[in-house]
Amino acid sequence: MSKTLPEIYFVLAKTRELIAEPSQWCQYMWHHNNQRCLEDALIAALGDDYNRLYSRASSLLVDAAHEHTGRWFAGPVNFNDATNTKHADVIAVLDKAMTGMMRGTT
């Protein structure tokens, strides 16, 4: 397993924690009051590791979003802001990305 995979798993788990409740999540804006979109939560979770880990973490989320919806998205923000995306979908995609990492399928 690559050294970065455990780090990315931690980042995805932290991202999930930041938007775990519907009241913590928003669409169509990066953040609003105490709410964050998927992209903003991912960036916050990455912190100083943004430049090193963003591309891989983002790719995992896009792949998981494709698996979840059957559609391809340009990035996490595009999935987050898609008209049919609900909070439960965002959480499901984060879970798929993390589960896929554990199974070695992503």
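The values are calculated or read from the model by the stated rules, or taken from the named source; none is laboratory data. Just so it is clear, the model here is predicted, and its values are computed rather than measured. Counting neighbours? That spans all protein chains shown, and the Cβs are built from the backbone with ideal geometry, glycine included.
Tabulated values for the structure
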item	result
Hits in segment 66-98 - residues which are farther than 9 Å from Leu38 by Cβ, in a helix (DSSP H, G or I) and within 13 Å of the chain's Cα centre (by Cα)	His66, His68, Asn78, His87, Ala88, Asp89, Ile91, Ala92, Asp95, Lys96, Ala97, Met98
Any hit, segment 8-27, residues being touching a residue at least 12 places away in the same chain (Cβ under 8 Å) and in contact with a His (Cβ under 7 Å, 6 or more places away or on another chain)	yes
Selected residue (criterion: farthest from Thr4 (Cα to Cα)) from residues of segment 27-65 that are over 9 Å from the mean Cα position of the chain (by Cα) and among the polar types (S, T, N, Q)	Asn33
From the options Asn84, Asn51, residue that is closer than 22 Å to Met101 by Cα and polar (S, T, N, Q)	Asn51
Residue in segment 28-36 that is out of contact with any Gly (no Cβ under 7 Å at 6 or more places or on another chain), among the aromatic types (Phe, Trp, Tyr), surrounded by fewer than 15 Cβ atoms within 10 Å (Cβ to Cβ) and at pLDDT 95 or above present	yes
Residue within segment 37-52 that is more than 15 Å from Ala88 (Cβ to Cβ), of a type in the set (Gly, Ala, Ser) and free of Cβ contacts under 8 Å to residues at least 24 places away in the same chain present	yes
Scan of segment 11-27 for residues that are among the acidic types (Asp, Glu) and either in contact with a strand residue (DSSP E or B) (Cβ under 8 Å, 6 or more places away or on another chain) or in a loop (DSSP other than H, G, I, E, B) (or both), ordered by number	Glu21
